[in-house]
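First comes the structure, then the notes that go with it.
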Amino acid sequence: MKNLKKYLLAALVSLSIISCSEDGIPVANDVTLEFNNTFGATTIVLGDATSAEATTNTSTEGQVHHFSELKYVISNIRLVNAEGVEFPYNTQNLDEGATIIDQSKEATLKYVLNDIPTANYTQIKFGLGIKEALNTLDEELFPSFYNADLSIHWFWATGYRFAQIEGFYGADNAPLAIHTGSVLGGDPDDESTWNNADVHARNAYRDITLDLSTDAMVGENSPTITIKADFNKVLSGTNTITLETPTEGYTAGTFATKHVSPNVMVEYVDNMAGNGDTDIKGMFSIESVEN
């Protein structure tokens, strides 16, 4: 019994040495990312065509619309500390460092980053979608988060969907579908070449960079960073977009079998996530940091 007590004591001491620095502050802690998907200042409530509870929005062009489905992929997450040092969070491993934000599933709106090194962080970077080097689709090696929702992938081409928004607009509640992803290959004007896995005609991946409103102090604290995504900008962002039935399809419309130019998809992507140059925020902003 005495020997058992000694082993237990030794194990506890070893654990404390590993998990805490000399001054008792943990060498790492968790950071929670919480996503608040809104139309302006109002958190989005989803609904079917005739829903009275769904949150409606009016675009710059005066089109009233609401969503029945709202999903997007976050990956390539990096935290930047006060010294400018970037900490990448499983950026090469989609199973451990990427997630689907799904407005219909409350649990997915919070994503916990485990074992973030103790530091004061001033900035967060992440990708909307999957960067090109990892944007391959092997159904035998599906990342775990895609296995949980097989609806958010292309059935006709390689690569991942990055965003999937569906809903209704106008007085007659015409259906809308906005699907984005870097899957188009070959000639942008020749649909028969779009299933080329080797060449991306348009890149739908975007890097987002956000300065934190307050330092996220990791160590004794396990901060929560709330990120607002204002989907008003989908139609009313840098590009002003009007929904029209004849030009709708996987990027912006009513019928999944009808396609529009990849250029139209890029307009939606730029509204949601910036153009990667003059706009590196898109619809995203920091709502709060709680230490």
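What's the Kirkwood radius of region 24-104 in Å, using all Cα pairs? Could the numbers behind the result be given before it?
Numbers: mean 1/r = 0.0628 Å⁻¹.
Hydrodynamic radius (Kirkwood, Cα only) of region 24-104 equals 15.9 Å.
Each Cα pair under 8 Å and six or more residues apart adds its separation to the average, and for region 59-135 the resulting relative contact order is 39 percent. For Ala171 and Val85, a Förster radius of 51 Å and the Cβ-Cβ distance give a FRET efficiency of 0.45, rounded to the nearest 0.05. Structure shown: which of Lys105/Lys131; Lys131/Lys281; Lys105/Lys281; Lys71/Lys105; Lys110/Lys233 lie over 19 Å apart, alpha-carbon to alpha-carbon? Long pairs (Cα-Cα over 19 Å): Lys105/Lys131; Lys105/Lys281; Lys110/Lys233.
Among 39-45, 267-273, 216-222, sorting by the average number of other beta carbon atoms lying within 10 angstrom of each residue, highest first, gives 267-273, 216-222, 39-45. The stretch between Asn114 and Thr136, if pulled fully straight at 0.36 nm per residue, gains 5.3 nm over its current Cα-Cα span.
The residues of region 37-114 present an accessible area of 46 Å² per residue when probed at 1.4 Å with all protein chains retained.
Taking each residue as 0.36 nm, the span from Asn291 to Thr242 lengthens on full extension beyond its C-alpha to C-alpha distance by 13.5 nm.
The values are calculated or read from the model by the stated rules, or taken from the named source; none is laboratory data. None of these values were measured; they are calculated from a predicted model. Every residue, glycine among them, receives a Cβ derived from its backbone with ideal geometry; neighbour counts consider all protein chains shown. Protein only, heavy atoms only, side chains kept; ligands, DNA and RNA dropped before computing areas. Shrake-Rupley method; radii C 1.70, N 1.55, O 1.52, S 1.80 Å.
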